[in-house]
Amino acid sequence: MAATGATRPAHLGWLAALPPAAVFVGLIASIGSTSAGQVVTFGFNWVPSLDVSLTFRIDGLSVLFGLMVSGIGAAVALYANAYMAGHPRLPRFFLYLTLFTASMLGVVLSDNILALFVFWELTSVSSFMLIGFDSDKAEARRNARQSLLVTAGGGLALLAGLILLGQVAGSYSIAEINTAGDIVRADPLYVPILVLVFLGAFTKSAQVPLHFWLPNAMAAPTPVSAFLHSATLVKAGVFLLARLHPALGGTDVWLWTLLPVGAVTAVWASMMALCQRDLKLMLAYTTVMALGALTLFLAVETQIGIAAAMTFVLVHALYKASLFMIVGGIDHATGTRNLMALGGLRRALPVSAGAAALAAFAMAGFPPFLGFLGKELKYEGALAIAEAPFAMTAAALAANAMMVAVALTVAIRPFWGPPTEAAERAHGNHWAIVAPPAVLASLGLILGLAPGLVGSILVGPAVEAVLQGTTAPELKLWHGVTVPLLLSVVTVALGSILFWRMRQIRGMLDALVRLLPTTGDRAYDTVMGWLNDVALWQTRLLQGDRLRRDFLVIFAAATAAVATVVALVPELSFASLSTIPEGPAIGAVVLILVGVAATVGVEGRLTGLAALGTVGVGVALVFLMHGAPDVAITQLLVETLVIVIAAAVLLRLPRTPEVPVRSTPARWRDALIALLAGGTITGITLMVVDGPLDLSVTEAFEAASVPEAFGRNIVNVILVDFRALDTLGEIAVVVIAGLACLALLRGTGLIQRRRRRAAEGPRP
């Protein structure tokens, strides 16, 4: 529901509407070239080393989707300006909405698959912020997090698939990838690529069983729902399938994945839509149904099937955006979206009642609306699926009949049903809440009266872009008495019966849902619960309250990982032990071993610390013997500082009870882990020393040290010049550690002073 309170400046919505409106005008101007089959590309190299260019492609497909995104985006901005007037975070809302619009435009206009992926992820992030915009509500936070996890998880799979696709095709340009379709389909990586791309598309476009996040996204403000469900986020997956159709389509795997997934999604979502009492939730499930139908028709290679998909994309965008805005207007005027509490609103909201009728007629597919053309094409396309014409036609018939029932419910029950208390308290809405849905609903009728124009400038070029030049079929309102027309009549009849018996149908569907062992939403909660349990277990294991156990797990895991690699890779071996120390080095080794033995054997903390420092001194001697005095001095300074600071802290720490001596098995276990870790690292060191060294990096630094960095000490040059940022980070770590030590010393001193004062008692 819209926020109340002091109204914000009215120019915010107008400013937010200007960029998409400008894009809309620009795309309208490009229709002449795209309808003639021309393709316009422009852009620049973004990351040349990775073959990533920010190139944009304007063809029939991108123009169709771009017009929907920009046109409906401008309408939603104007609508939101009035609907959310007075909201304290209205500027932030329009910032998110603008980012959302720009991200979706980037998706539909990109000609580079990696750039497309960047915009793809931006749609997920911006939709997360919009769905959770009312962050004070737990439901909004939970559903926003769910949408982000599901779509971002699919995005990771999509990224892997796009990278493989680019490698196989030899380019990341979408135009060149589609040209290399035969190469892609013949490659052994084709099926893995297809699976990964499907995961990305199915999560974004809410296909069963990954559909559950989309109805929950209605927690967003109604302007967001109108935009998200009609022209943006959820259509991204459909657009991706259409855009990559020339490269990935035309195989049995493509066909027999999209056909059943789309059919099941369409039928199941239509059934769930009939169960709902909340008007927004009912419309949300019809969006899932539409996405299923679009997925189904993108499975085929026939002209009529792709034409059905492209026509239905446009039809759905117009009526769905309009209906969501109308439902938002009802909520704004009455304070409720509950279907059972609504009725008799035609007097308070006459324009909305008319707009709802127009949009519902388009949704139901009544002539002469554009929805009638879409429904006829869907039936004709289903019948043209040679592999399963009857099954797909039956699925389309069932889904369309239930959509007729939903359309009649939304158009009739709130406005023409018996008056309720909501009608008595309803008030009129601002013109900006009424006009945008009325305009969009009217377009469904206007475009339906000009099917030839729609086919020649929008649907036809989009079909040609998907099928790489194949001419689209001509759109007509009247084709004579045909099987699709008879199916349309049956659809209306069945839908009317379902609407008439809606109460009984809803009761049966509710009972069916209760019998299900689980739903997508409950399965998500279960999986998230498992993840939380695993995270808690892992945290207790790796970050518990005992430092000894933490070190045990870390060293055991690291040793096991390194030892496994050494055992499985035969190239990692050493043939000799030529690096056994001789002469003075033996003294350093003995000193190190004595220090290790003393550190393990002594009981006191300070004594153990001093013994550990002996190990550091021995290591410094080894550095000195091998011609690295600077490293040896650094080692000695570090050891000295560590001992001094640690001793200062230990002297100020309060005395603690005696630590019980560990049991003999525990001591032997710790000793075994220590020996294995040390032995593994020693073995790796010997392998590196014994094997041939690649000196190319060393030679490069030697060659560049004097002419580029003006230094002859290669180590210093590397630290100060070639790895300056790394050194800066290391210095920052040392400074932070020093500040932490200072705080610890001051804290322990303060504790001691307080204890002394407490022991001395109150002063006179």
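Structure above, values below:
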{"quantity": "Helices (runs of 4 or more DSSP H) wholly inside region 180-231 that include at least 2 residues being under 18 Å from Glu139 (Cβ atoms) and under 20 Å from the mean Cα position of the chain (by Cα)", "calculated": "213-216, 222-230"}
{"quantity": "Residue match in region 28-49 (condition: at positive phi and surrounded by 15 or more Cβ atoms within 10 Å (Cβ to Cβ))", "calculated": "yes"}
{"quantity": "Verdict on Tyr172 being in contact with an Asp or Glu (Cβ under 7 Å, 6 or more places away or on another chain) and of a type in the set (Phe, Trp, Tyr)", "calculated": "yes"}
{"quantity": "Given (1) surrounded by fewer than 24 Cβ atoms within 10 Å (Cβ to Cβ); (2) out of contact with any Leu (no Cβ under 8 Å at 6 or more places or on another chain); (3) assigned to a helix (DSSP H, G or I), index of the condition Tyr79 fails", "calculated": "(1)"}
{"quantity": "The listed residue being outside the structural domain of His229 (by TED's automatic domain parsing), of a type in the set (D, E, K, R), over 22 Å from Thr287 (Cβ atoms) and in a helix (DSSP H, G or I), out of Glu380, Glu387", "calculated": "Glu380"}
{"quantity": "Elements of type helices (runs of 4 or more DSSP H) contained in region 235-308, each with 1 or more residues being under 30 Å from Leu516 (Cα atoms) and in contact (Cβ under 8 Å) with a residue 60 or more places away in the chain", "calculated": "252-275, 279-297"}
{"quantity": "Among the residues listed as Phe119, Phe128, the single one being farther than 22 Å from Leu318 by Cα, in a helix (DSSP H, G or I), in contact with a strand residue (DSSP E or B) (Cβ under 9 Å, 6 or more places away or on another chain) and free of Cβ contacts under 8 Å to residues at least 40 places away in the same chain", "calculated": "Phe119"}
{"quantity": "Enumeration of residues in region 710-719 that are surrounded by 14 or more Cβ atoms within 10 Å (Cβ to Cβ) and aliphatic (A, V, I, L, M)", "calculated": "Ile714, Val717, Ile718, Leu719"}
{"quantity": "Set Gly43, Gly32: member being at pLDDT below 85 and either among the aromatic types (Phe, Trp, Tyr) or under 27 Å from Leu95 (Cα atoms) (or both)", "calculated": "Gly43"}
{"quantity": "Residues (in contact with a His (Cβ under 9 Å, 6 or more places away or on another chain) and either polar (S, T, N, Q) or surrounded by fewer than 24 Cβ atoms within 10 Å (Cβ to Cβ) (or both)) located in region 360-389", "calculated": "Glu380"}
{"quantity": "Hey, Gly344 in a helix (DSSP H, G or I) and within 23 Å of Thr222 (Cα to Cα) or not", "calculated": "no"}
{"quantity": "Any hit, region 390-413, residues being touching an Asp or Glu at 6+ places or on another chain (Cβ under 9 Å), surrounded by fewer than 24 Cβ atoms within 10 Å (Cβ to Cβ) and either under 21 Å from Ala493 (Cβ atoms) or among the small types (Gly, Ala, Ser) (or both)", "calculated": "no"}
{"quantity": "Check on Thr311, among the β-branched types (Val, Ile, Thr), part of a helix (DSSP H, G or I) and within 16 Å of Ala206 (Cα to Cα)", "calculated": "no"}
{"quantity": "Tally of residues being under 22 Å from Gly66 (Cβ atoms) and among the acidic types (Asp, Glu) across region 454-496", "calculated": "1"}
{"quantity": "Failed condition for Thr55, given (1) under 17 Å from Gly166 (Cα atoms); (2) out of contact with any strand residue (DSSP E or B) (no Cβ under 9 Å at 6 or more places or on another chain); (3) of a type outside the set (A, V, I, L, M, F, W, C)", "calculated": "(2)"}
{"quantity": "So Val439, is it under 19 Å from Val315 (Cα atoms), of a type in the set (Val, Ile, Thr), outside the structural domain of Gly13 (by TED's automatic domain parsing) and part of a helix (DSSP H, G or I)", "calculated": "yes"}
{"quantity": "Residue selected from region 84-110 under the condition modelled with pLDDT under 90 and crowded, with 22+ Cβ neighbours inside 10 Å, by the criterion farthest from Phe65 (Cα to Cα)", "calculated": "Ala85"}
{"quantity": "Filter result (part of a loop (DSSP other than H, G, I, E, B) and hydrophobic (A, V, I, L, M, F, W, C)) within region 347-372", "calculated": "Ala348, Leu349, Phe366, Phe369"}
{"quantity": "Condition met for Arg522 (surrounded by 10 or more Cβ atoms within 10 Å (Cβ to Cβ), basic (Lys, Arg), within 35 Å of the chain's Cα centre (by Cα) and at pLDDT 75 or above)", "calculated": "yes"}
{"quantity": "Selected residue (only one of Gly13, Gly71, Gly66, Gly60 is surrounded by 20 or more Cβ atoms within 10 Å (Cβ to Cβ), in contact with an Asp or Glu (Cβ under 6 Å, 6 or more places away or on another chain) and either at pLDDT 90 or above or assigned by TED's automatic domain parsing to the domain that holds Leu165 (or both))", "calculated": "Gly60"}
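Condition check ((1) at pLDDT 80 or above; (2) within 30 Å of Ala308 (Cβ to Cβ); (3) in the same structural domain as Gly60 (by TED's automatic domain parsing)) across all residues:
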{"site": "Pro484", "(1), (2), (3)": "yes, yes, no"}
{"site": "Leu509", "(1), (2), (3)": "yes, yes, no"}
{"site": "Val527", "(1), (2), (3)": "yes, no, no"}
{"site": "Gly544", "(1), (2), (3)": "no, no, no"}
{"site": "Pro570", "(1), (2), (3)": "no, no, no"}
{"site": "Ser573", "(1), (2), (3)": "no, no, no"}
{"site": "Ser576", "(1), (2), (3)": "no, no, no"}
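Yes/no matrix, rows are residues, columns are (1) out of contact with any helix residue (DSSP H, G or I) (no Cβ under 7 Å at 6 or more places or on another chain); (2) of a type in the set (Lys, Arg); (3) under 30 Å from Ala144 (Cα atoms):
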{"residue": "Trp431", "(1), (2), (3)": "yes, no, no"}
{"residue": "Pro437", "(1), (2), (3)": "no, no, yes"}
{"residue": "Thr470", "(1), (2), (3)": "no, no, no"}
{"residue": "Val483", "(1), (2), (3)": "no, no, no"}
{"residue": "Arg503", "(1), (2), (3)": "yes, yes, no"}
{"residue": "Ala511", "(1), (2), (3)": "yes, no, yes"}
{"residue": "Arg514", "(1), (2), (3)": "yes, yes, yes"}
{"residue": "Gly520", "(1), (2), (3)": "yes, no, yes"}
{"residue": "Trp530", "(1), (2), (3)": "yes, no, yes"}
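The values are calculated or read from the model by the stated rules, or taken from the named source; none is laboratory data. Since this is a predicted model, take the numbers as computed values, not measurements. Methodologically, a virtual Cβ is constructed for each residue, glycine included, from the backbone with ideal geometry; neighbour enumeration extends over all protein chains shown.
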